[in-house]
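Peer 1: Dropping the structure in here first, questions after.
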Amino acid sequence: MTTREVLRIAPRFRGPAHSGNGGYVAGHVGTALAAVADDGTVPRVRLMVPPPMEVDLDLLVSSDSAQLAGAESPAASGVVAKAIAVAAATLDHATVDPVGPDEARTAEAQYKGLVKHPFPGCFVCGPANAEGLRLRPGPLGDGRTACTWHPSTDLAAEDGLVDPVFLWAALDCPGGWAIDLEGRPSVLGQMSACIDARPPAGEACVVMGRILSEDGRKTRTASTLYDSDGRVLARAQHTWILVDPALFS
């Protein structure tokens with residue numbers, strides 16, 4: 001059985017100026033699949049094209065796959081993103097060793113996106129998006145990034161815990177800035193994530209990122225979200241694609 005719901009990406013949730021943030025969009029598709037997929041699996045979401053904003057998109061979900069599509073998608077097929085369920089072991093190496101909040105705040109002061117950002121309106125890490133998460137993943141000098149995050153109340157679901165879609169979003173850019181997006185501007189191409197626990201709104205969290213490998217235009221990274229007690233809340237792996245930011249302006 002396939003279910004259908006309509007998703008419309010508001011400008012608040014942009015990544016580049018005219019398309020949706022990759023982690024936010026992947027979060028919608030991945031969360032929908034995770035709700036029905038078999039135990040022992042996690043969603044792997046592939047973004048096919050820059051997600052269009054302010055148009056109606058169909059989110060279609062079956063027991064082992066999901067896709068986001070619409071007539072106004074830039075892709076000839078109409079597909080914006082697709083997800084499949086993969087073995088949870090895919091994320092065995094996704095946990096990034098943590099630092100404490102004080103060290104994370106120190107790293108934030110070195111966040112390069114404050115000086116030069118390829119997509120300053122990004123919902124997750126853009127300094128020009130007043131309605132965004134405003135994460136500042138700064139380098140630790142060893143291939144990792146770190147930043148703090150206090151999820152605002154408007155990110156919570158009805159149970160008072162942060163909506164999983166926003167946890168996917170928070171796991172996005174801290175991995176990307178492990179690449180140094182200033183010198184190697186990239187967009188999210190693929191993301192797998194596992195939500196182990198959801199924090200309440202206002203929880204003092206730390207988000208870590210780490211580079212895993214680089215191959216031509218592709219870079220693989222990992223990220224981990226921790227709560228105030230240092231407990232792992234969520235983990236992700238990403239594939240980033242090197243782009244010319246001018247093509248997204």
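Residue-by-condition table, conditions (1) under 15 Å from the mean Cα position of the chain (by Cα); (2) not aliphatic (A, V, I, L, M):
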| residue | (1), (2) |
| --- | --- |
| Q67 | no, yes |
| A81 | yes, no |
| H93 | no, yes |
| H150 | no, yes |
| V162 | yes, no |
| G175 | yes, yes |
| A178 | yes, no |
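Peer 1: When the residues of region 77-135 are narrowed to those that are acidic (D, E) and either within 16 Å of A170 (Cβ to Cβ) or touching a helix residue (DSSP H, G or I) at 6+ places or on another chain (Cβ under 7 Å) (or both), which ends up surrounded by the fewest Cβ atoms within 10 Å (Cβ to Cβ)? Give the derivation first.
Peer 2: Initial filter on region 77-135 (acidic (D, E)): 92, 97, 102-103, 108, 131.
Subsequent filtering for residues that are either within 16 Å of A170 (Cβ to Cβ) or touching a helix residue (DSSP H, G or I) at 6+ places or on another chain (Cβ under 7 Å) (or both) retains 108, 131.
Numbers: E108: 17, E131: 13.
Filtering first and then ranking leaves E131.
Peer 1: Being crowded, with 22+ Cβ neighbours inside 10 Å and basic (K, R) is the filter here; which residues of region 213-244 pass it?
Peer 2: Correct list: R235 only.
Peer 1: What number of residues within region 215-249 satisfy the criterion of being part of a strand (DSSP E or B) and either in contact (Cβ under 8 Å) with a residue 24 or more places away in the chain or hydrophobic (A, V, I, L, M, F, W, C) (or both)? Write out each step before concluding.
Peer 2: So the first thing to find is which residues in region 215-249 are part of a strand (DSSP E or B), and the list is 215, 218-226, 232-242.
If we keep only those that are either in contact (Cβ under 8 Å) with a residue 24 or more places away in the chain or hydrophobic (A, V, I, L, M, F, W, C) (or both) as well, we get 218-219, 221-226, 232-242.
Within region 215-249, residues that are part of a strand (DSSP E or B) and either in contact (Cβ under 8 Å) with a residue 24 or more places away in the chain or hydrophobic (A, V, I, L, M, F, W, C) (or both) number 19.
Peer 1: Taking region 212-245, which residues are within 24 Å of S19 (Cβ to Cβ) and β-branched (V, I, T)?
Peer 2: T219, T221, T239, I241, V243
Peer 1: Take the conditions at pLDDT 95 or above, outside any helix (DSSP H, G or I) and more than 30 Å from D39 (Cβ to Cβ) and apply them to T95. Does it pass? I'd like the intermediate steps shown before the answer.
Peer 2: On the way: at pLDDT 95 or above: yes; outside any helix (DSSP H, G or I): yes; more than 30 Å from D39 (Cβ to Cβ): no.
So T95 fails the test.
Peer 1: If I go through region 32-59 residue by residue, how many of them are in a helix (DSSP H, G or I) and surrounded by 22 or more Cβ atoms within 10 Å (Cβ to Cβ)?
Peer 2: Here is the first cut: in region 32-59, the ones in a helix (DSSP H, G or I) are 32-34.
Subset that is surrounded by 22 or more Cβ atoms within 10 Å (Cβ to Cβ): 32-33.
Residues meeting the conditions: 2.
The values are calculated or read from the model by the stated rules, or taken from the named source; none is laboratory data. These numbers were taken from a predicted model, which means no experiment stands behind them. Here the Cβ is made from the backbone with ideal geometry for all residues, glycine too, and neighbour counts use every protein chain on show.
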